[in-house]
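One structure below.
The values are calculated or read from the model by the stated rules, or taken from the named source; none is laboratory data. Note that this is a predicted model, so its numbers are computed, not measured. As a convention, Cβ positions derive from the backbone with ideal geometry for all residues, glycine included, and neighbour counts pool all protein chains shown.
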Amino acid sequence: MKSVEEPDWAKLVKTGPGKERPPVNPEWWYERCASILRKVYMLGPIGVSKLRTLYGAKKNKGVEPEHFYRASGNHIRKMLQQLEAEGLVEQVKKGVHKGRKVSAQGQSFLRKIGSEVVASEEKSKKEDKKETKKEKSEPKEEEKKTERKKDKKPDTDKKEDKPKKSSKKDTKSSTKKKKSSKSSKKSKKKKEAKK
């Protein structure tokens, strides 16, 4: 699209009084143009005033309550003019209302882009399904390998010596034995010291 170009001032300007800073994305002009084209397609005929309301935002006033401000109309108007020069949008008067709507060329362009997007999404979904199937099948192969290794090892069905469950009585008697052995050692040492 030759006629849709970002002006020099687009890097410096805010999109409305409700915003604190200009857009961070360097491609914001083209994304907003595409968005405006879609809005015109969905809601057309539509004018700059309604688009200003759609792209407006609430301004953060600190302690005070937020207040809604409409977006600035200059950049929206320029984008509509560029889309009109490209032949995607045309001015229409419908009864009392006047505004812009998508032309036949614009409709075919949007349908073409839409079908490409749908096709790419379906392709990515198919690829994701294939990847998940591969991931699910890989653990099964690893399990088979471990089962094969287990089959190769000889079976050992020897009973392992399990420690007996000790009751409270057993623990009390063992502590008494330890204390008595300590006291007997002390008494032996005292006797040896006396000699």
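Key figures for this structure:
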read-out	value
Evaluation of K101 against (1) at pLDDT below 90; (2) outside any helix (DSSP H, G or I) (one fails), failing number	(1)
For K58: the one exception among (1) in a helix (DSSP H, G or I); (2) touching an Asp or Glu at 6+ places or on another chain (Cβ under 7 Å)	(1)
Leading residue by the ranking (farthest from V48 (Cα to Cα)) among those in the range 90-106 that are in contact (Cβ under 8 Å) with a residue 60 or more places away in the chain and not aliphatic (A, V, I, L, M)	G106
Hits in the range 78-126 (condition: exposed (fewer than 11 other Cβ atoms within 10 Å of the Cβ) and small (G, A, S))	G95, A104, S115, A119, S120, S124
Residue match in the range 8-17 (condition: buried (at least 16 other Cβ atoms within 10 Å of the Cβ), within 30 Å of A104 (Cα to Cα), among the small types (G, A, S) and in contact with a helix residue (DSSP H, G or I) (Cβ under 9 Å, 6 or more places away or on another chain))	yes
Close pairs from the range 107-124: first closer than 17 Å to M42 by Cβ and of a type in the set (A, V, I, L, M), partner at pLDDT 90 or above and surrounded by 10 or more Cβ atoms within 10 Å (Cβ to Cβ), Cβ under 8 Å, at least 6 apart	L110/L37; L110/R38; L110/Y41; L110/V102
Filter pass, V13 being under 17 Å from I113 (Cβ atoms) and in contact (Cβ under 8 Å) with a residue 40 or more places away in the chain	no
Answer residue from the range 47-65, given it is under 29 Å from the mean Cα position of the chain (by Cα) and among the small types (G, A, S) and is surrounded by the fewest Cβ atoms within 10 Å (Cβ to Cβ) among those	A57
Some residue of the range 25-34 being over 20 Å from K2 (Cβ atoms), modelled with pLDDT under 95 and of a type in the set (A, V, I, L, M)	no
Y30 vs. criteria free of Cβ contacts under 8 Å to residues at least 40 places away in the same chain, part of a helix (DSSP H, G or I) and farther than 12 Å from T15 by Cα	yes
Which numbered condition S35 misses (of (1) touching a residue at least 24 places away in the same chain (Cβ under 8 Å); (2) polar (S, T, N, Q); (3) in a helix (DSSP H, G or I))	(1)
